[in-house]
Structure formats: structure tokens, C-alpha cells
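Engineer: Before I ask anything, here is the structure I am working with.
Where a number appears in this text, it was derived from the coordinates with a stated rule and is not lab data. Because the structure is predicted, anything quoted here is derived from the model rather than measured. As a convention, Cβ positions derive from the backbone with ideal geometry for all residues, glycine included, and neighbour counts pool all protein chains shown.
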Amino acid sequence: MPRTLSAPVTVAFDYTRSTGPVLGRFLSGLRDGVVVGGRTSEGKVVVPPPEFDPVTHAAVDDFVEVADTGTVTSWSWVPEPVKGQPFERPFAFALVTLDGADAPLLHALDVPSPDDVTTGVRVRIRWRAERVGAITDIECFEPAVAEVRGAPATSLEAAAASARSETPEVSRLASLAPQPPAVTGIVVPIELDYLYAASPEESLFYTSLSEGKLVGQRCPTCGKVYIPPRSACQADGTPTAEEVELPDTGTVTTFCIVNVPFLGQRITPPYVSAYVLLDGADIAFLHLILDIAAEEVRMGMRVKAVWKPKDQWGTTIENISHFAPTGEPDADYETYRVHL
Amino acid sequence: MRDVAVVGFAQRQMAQFDGSPTCVELLVPLFADCYEQTGWTRRDIGFWCSGSSDYLAGRSFSFVQAVDAIGVIPPVNESHVEMDLAWAMYEAWIKIQTGEADTALVYAFGKSSAGVLRRTLALQLEPYTMTPLWPDTVSLAGLQARAGIDAGLWDERAMAEVANRSLTDAEKNEYAVRQGGSSVEELLSRPMYADPLRKHDCAPVTDGAAALVIAAEGRAREVCERPAWIRSLSHFVDPMSLGTRDLKRSPSAQRAGAASDLDGVEVAELHAPFSHQELILCSELGLADDVRINPSGGALASNPMFSAGGIRIGEAARQIWSGSADRVLGHATSGPALQQNLVCVMGSEG
């Protein structure tokens, strides 16, 4: 049996970012199938354009269109791509200096093996069919047609043909229709997968819960009992070794009435979320108070755990459905005063 | 300027830590080591500073939980940086310079193995044009390595020599998660991984924690026979955009070195997570051929995120404490491809 409990967890958030005028210009260009660089005070064309000049620190406002063909200046093979990268199959990351630019752009290079790429090789951008104004509008770089030996000619020729047929139409539309609005923002979804482990003390707590027991630990220095147990007493920094089984009865120290609906809410408001100080514990923990009208919950109220049916138990605090009033007289303020 | 010395150092490094990412479990014995080395208790520490990042293992506010390992009743003077231990030490050094504290214990921790480290670190890149492609740490280092190979600045053999020396030295380091040198020929016969990098060119994913104790003149001599006096502490950063950087170089490392007095340095512990980066650092710092590099085995033997830079300072300080050197250098790096660099020069003379 492993020393600690663990479970997979995914943390995800869609970051929305405003682009500002410089990156907005670059990303608008990508959407329209054009690569835009910025000219620096030293006269160099940099792609993507820097927002501020690296030497003078002035805002960059001299934009230059560069070609979608260029030369690989460095590359690294990606044998085991990670989630979110341009390809799930092995590929190369490459620095490519586009024709008309003086500094390289980082992107993927789609070649079947490291034997199919060398520094100095000529490449071109493979544009995504549907473009939104993001760096991923460039699907990848691919070897430029004339310099590929033995590549499947059909797909490359088809791509070139489609680029040719697209070009006149785009320019005709551009002259008739108003320009699409400039890109001012992007959304970058971030998702990270972890294997989350509990500490040995937390593992003890959750394993005990799966047996219907509440187990905390006592600090050998100050004698305080923590539940859930911590790896060290927060007052003394001493590891808490001695296990203490606690009853499932306790006192409400403080509480709040939840009136606001939120995503994922399981109970219809209003309901009460409270700090419950188990009898014999020195730290209260958060749980629900149900089986009583929200407005009747009070500080000092005596409560008891209401357990779910045993066949629903796992290594989780949710084995306790909620706490409910015992009907005993309220606890004296003095008994929980120091735990507020 | 107040004279400040490194007087305590403790570390724990492992391939995989199976406990909570708050790492309190690792920090308690580390602090105990520091108390034993100095004879101090937590009450003797005037300032605390930690380095960590919640992105590493997906635990929110792990640095707050980690404070449990100190024991904070009554409250302590405490801070945090989302940077390597070396920068936490920099903040503590400044704090001591202000006169607000005379002693500091700085620590750092990280559980890199909880996620896919080389992927997680894509979040430290330029968020508009780089992060959406998830460029991993190994690929970015590979681009840098090849740029130098193509320019004739180093070759695969020079990289293998760095790896072989590191893995050989690591045999004497109980905390190394990868050790055992063989020969340059044997290393070169191993298959490519992320061409141009072989696996031994890349630091192993490492979990761990470390702590350093620093103290001002007066307090330092109380607890250490030969304190490692900080003679200079300097750090610089290069631009975020890879396109405007010459990847073959690390101007920030050069500037950090130029701001330090490197004359007479006998031992340098360099934080180089990829073999070719040690070659760049030696060149940028202008280290002479007779400077002993990474007797600990360096980052190619173990590279716990957020501790590995500070561990270089601790390992270098130990050379002073033991009397085996009079002037040493500890270096830390952060960001992709040696973007940010800190140089700490220490000497035996106060």
C-alpha cells in the first residue's frame, strides 16, 4: 500500500488578454494571412514585433510586412510532444528568419524525422484554413516546395494552388468590403494535469474517514489537537505524531448564511456554512449545517455529524453529509472563545 | 554595507517525493539541520523568506501552508518570492543590509514530479506568441544548443565532457538523483533524445527542498568558525522574446559576473540545467581553466525547481567552511535558456 493517498487533478483557466496596438497589429496580420514585423531603432525587422524598442525603449510603430517563406536558423527535435503543442506526433521546434526579417520566429516545423531538417533549410508557413488572430493561425512551417525531395507533391501543390486561388479573392473582397476590425484580444486556454498527493497526516485523516472515524493529531509541544492533522503544528513547527480519535459531535463557532448562487452549487440557498469545533479538537473545520432553518443557526449551537449511508463512503470528508443540531443546550461562549 | 555570511545549509533532493506539495514534511527536518548547525532556534531568526510556485504541483497557496514548518506563534517576519532560493536569499541579504534583521533563514521547495515539468514551464514564456505553442524547456534548450554547435562555439563532445564530469562528481553526492560517470565515448554512443540533446545533457526532473542561513557580522562568527562571507551578490535578466536574444550568449550572466570580483575564485558551482549551458556560463563569466566547476555534480545530477540555484550557493559555501577554498562562486539561473542569472561570490575573509 502506498504511503500516501493521491488522485489526478486538472487545473484549467481560459486567460483573456488584451493585445495592445503592436501585438494586435501582428495578430490581425496573421488572421489576414500576412506576417507583420516591427522595425527597431537599429533598423532591424523583428517578428513578432516587440512592443518597445529594445535599445531606446520607445513604442514600436514602424510595421513591415515580411514574406511567409524563410530560413531555419536553429531547430530542436521534439520526440515526445506534450499536450497543447502544435502536433501530437514528433516534430521539430524551429527558429525561422522570414524573408524580409532580421530576427527569427519560433514555431513548429512539420517534418517526419530529424533527418529531414538541417539548419539553413528553406521553409514556408502553412496557414490554418480558419484564422482568428492568434499565433496558432500559423499551423506550422513546412519545407518550401522547390527544396523538398521525395515529399508527397500532391498535398504541397494543392496547398500552393489553394493559396493562389485565395489571393485574388482576398484582395477583391478587401477592396469592396470594410476591413475586419483589428484584433484587440485573445483567449489562451491553459490546462495543467497533476497527480495530487496528500501528506501522510492528511492520508491518515481521509483513510480513517473511509472507516467512519474522525482522526486528528496532537502537537507534542503545546498539546493542541489538529483535525485535519497537519504535517507540523502551526504554532510550534513541531511534527504532530500522536493520533487522536475524536467524536463526531461539536460546537458551531462561527458561520455564514450562503445566499448567493454560484457555478456547481449543490444546495439551494439560503443554507449555512459553519466552522465546527469537534469536542476535543483545538481547531475548527468548515462544514454544512442542515436540518434547521438558516436563520435559527447560532454561535455555540451543538451539532452532530450526519453520515451518508456506509456503502457511499470513500476517502473523503463528503462521507459526512452535513452537521445537524443535537438539541442540547448551547455551549458556553467561554468554551470556544479562543477558537474564533 | 554590512558584511553578511552564509553560515548554514541543508538540502533534500529526490527523484520523486510522494508527500504533499506543501513540502512541510521535508522542511521540518531541513530547519532542524539548520538549527543544529548554528545552535540557534527559530527565535534567533530575524527574517524568513521562501521560494516556490503553485504552478509546479497545482496546490494553491502552498507557501502559506509551508509556514507551518516554522511555527509562527508568536508571528515571524516572513516573505516569499516566486523564484529560486538564490533570489529569496537576495531579498534576505537586502533585509539585513537595511538593518531590520541580523539573521535570516531562507528556504525553497518544489514537487516538479506532480505534473509534466517541461510543459508547466511554458507558462513562464511570452503569453501571446509563445505559450499558446507550449514550447517545452527541453526544446528551447535544444534550439540554444544547436545554435552554438552550428556556430562552432561547442560540439557534442564538449557537452558530453560536461555531463561525464558532472555524473562522476555526483557519485560523492548523496542527494544526486542521477550519478555514475562512464566515458565521453560511451555517452556519445547513447541515442539522441531531443536532437541535438541526449538525455544526459538535460537535468533530471527532481523534487526537493533546501535552506540557507545567512547572518550579519557579529552574529555570523558566533556560530561558524569560517563563515562564507558574501563578497558580491548581483543579478540581471535578458529580454523575454527569444527573437531578440542571441541564444548562444547569456548577456545577463556576463553582466552579473562583471559586477562581481571574480579574481581568485577557486571553485564555481554553476546552475546549468543543460550541459551546453555550463559552457556558456564559463565563457560569460570568464572563468579561468583552473577553476573547479561543480564538485557537487551540479544540476545535471539533480535539479529541484526553486532550490537548485540556492543549492549551488550552499555547496559553494561548504567549500569555505571546510577550508578547502578561500574564494568561491555560486550561480543560479531562472527562465528559459539562461534568461536570468545571479552570481554570488563568497570568501573566507570577513
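Engineer: How far is helix B:156-169 tilted off the main Cα axis of chain B, in degrees rounded to 10, range 0 to 90?
Structural biologist: 30 degrees
Engineer: While we're here: Using only alpha carbons, build the gyration tensor for chain B and give me the equivalent ellipsoid semi-axes, biggest first, whole Å.
Structural biologist: Semi-axes from the Cα gyration tensor: 31, 23, 19 Å.
Engineer: Tabulate in residue order the Karplus-calculated ³J(HN,Hα) for region B:36-44, using 6.51 cos²θ - 1.76 cosθ + 1.60 with θ = phi - 60°, rounded to whole Hz; enter x for Gly and Pro.
Structural biologist: Couplings: 5, 5, 9, x, 8, 10, 4, 6, 7 Hz.
Engineer: Cα to Cα, under 15 Å, and not fewer than 8 places away if on the same chain: which aspartates and glutamates meet these conditions relative to residue A:44?
Structural biologist: A:53, A:61, A:62, A:65, A:99, A:102, B:246
Engineer: Let me ask something else. With a 10 Å cut-off between alpha carbons and a GNM built on chain A, which of A:263, A:105, A:27 moves the most?
Structural biologist: Fluctuation is largest for A:263.
Engineer: I need the Kirkwood Rh of region B:122-269: take the reciprocal of the average 1/r across all distinct C-alpha pairs and report it in angstrom.
Structural biologist: 18.8 Å
Engineer: Now, a different point. For every other residue with a beta carbon closer than 10 angstrom to the beta carbon of residue B:302, add +1 if it is Lys or Arg and -1 if Asp or Glu, then tell me the sum.
Structural biologist: 0
Engineer: OK, next. Can you list the residues, at least 5 places off or on another chain, whose amide H is less than 5 Å from the amide H of residue B:72, using H built in the peptide plane?
Structural biologist: The answer is A:235, A:236, A:237.
Engineer: Same structure, new question: Taking each residue of A:23-29 in turn, how many C-beta atoms of other protein chains fall within 10 Å of its C-beta, and what is the average?
Structural biologist: Across A:23-29, the average partner-chain Cβ count within 10 Å equals 1.
Engineer: Summing Lys, Arg as +1 and Asp, Glu as -1, what charge do residues with Cβ under 13 Å from the Cβ of residue A:318 carry, residue A:318 excluded?
Structural biologist: +2
Engineer: Restricting to DSSP loop positions (anything but H, G, I, E, B) with no more than 11 other Cβ atoms inside 10 Å of their own Cβ, which GluC sites (Glu not before Pro) remain in region A:1-87?
Structural biologist: A:42
Engineer: Moving on. Can you tell me the orientation of helix B:137-150 relative to chain B, as the angle in degrees between its alpha-carbon axis and the longest Cα principal axis, to the nearest 10?
Structural biologist: The two axes meet at around 60 degrees.
Engineer: Hey, what do the phi angles of region B:6-21 turn into as Karplus ³J(HN,Hα) couplings, whole Hz, using 6.51/-1.76/1.60 and θ = phi - 60°, x for Gly and Pro?
Structural biologist: Listing the rounded values in order: 7, 10, x, 7, 8, 8, 9, 9, 7, 5, 8, 9, 9, x, 5, x Hz.
Engineer: With springs connecting C-alpha atoms under 10 Å apart, model chain A as a Gaussian network and identify which of A:180, A:21, A:50 has the largest mean-square fluctuation.
Structural biologist: A:180
Engineer: For labels at residue A:145 and residue A:118 in the simple 7 Å Cα→Cβ model, what's the distance in nm?
Structural biologist: 2.4 nm
Engineer: Please list, by residue number, every one of the trypsin sites (Lys or Arg not before Pro) in region B:1-110 that is coil in DSSP and has at most 14 other beta-carbon atoms within 10 Å.
Structural biologist: Sparse-neighbourhood loop trypsin sites (Lys or Arg not before Pro): B:2.
Engineer: Next up: So if I take the centroid of the Cα atoms in region A:303-320 and the same for region B:220-282, what is the distance between those two points in Å?
Structural biologist: 55 Å
Engineer: Distance check, please: which entries in B:111/B:248; A:83/B:199; A:83/B:111; B:172/B:248; A:224/A:304 exceed 24 angstrom between their Cα atoms?
Structural biologist: B:111/B:248; B:172/B:248, as the Cα separations exceed 24 Å there.
Engineer: Shifting gears a bit: Cα to Cα, under 15 Å, and not fewer than 8 places away if on the same chain: which aspartates and glutamates meet these conditions relative to residue A:308?
Structural biologist: Hits, sequence-local ones excluded: A:211, A:248, A:291, A:318.
Engineer: For region A:198-339, count the residues as N, evaluate 2.2 N^0.38 Å, and divide the Cα radius of gyration by that value, please.
Structural biologist: 1.07
Engineer: For peptide B:235-247, what's the mean number of Cβ atoms from other chains within 10 Å of each residue's Cβ?
Structural biologist: So the per-residue partner count for this stretch is 4.
Engineer: Oh, and also: DSSP H helices in chain A with Cα extent of 15 Å or more along the helix axis and mean Kyte-Doolittle hydropathy at least -0.5?
Structural biologist: The qualifying helices are A:20-31, A:153-176.
Engineer: List the equivalent ellipsoid semi-axes of region A:253-292 in whole Å, largest first, each obtained as the square root of 5λ for an eigenvalue λ of the Cα gyration tensor.
Structural biologist: Equivalent ellipsoid semi-axes, largest first: 23, 10, 8 Å.
Engineer: Moving on. Summing Lys, Arg as +1 and Asp, Glu as -1, what charge do residues with Cβ under 13 Å from the Cβ of residue B:82 carry, residue B:82 excluded?
Structural biologist: Once positives and negatives cancel, what remains is -3.
Engineer: Using all Cα-Cα distances in the protein assembly as shown, what percent lands in each 20 angstrom bin from 0 up to the longest?
Structural biologist: 16, 41, 32, 11, 0
Engineer: Under a 10 Å cutoff between Cα atoms, tell me which one of B:210, B:256, B:69 has the largest fluctuation in the Gaussian network model of chain B.
Structural biologist: B:69
Engineer: In region A:249-340, which trypsin sites (Lys or Arg not before Pro) are in a loop and have at most 16 other Cβ atoms within 10 Å, using DSSP for the loop call?
Structural biologist: Answer by residue number: A:266, A:298.
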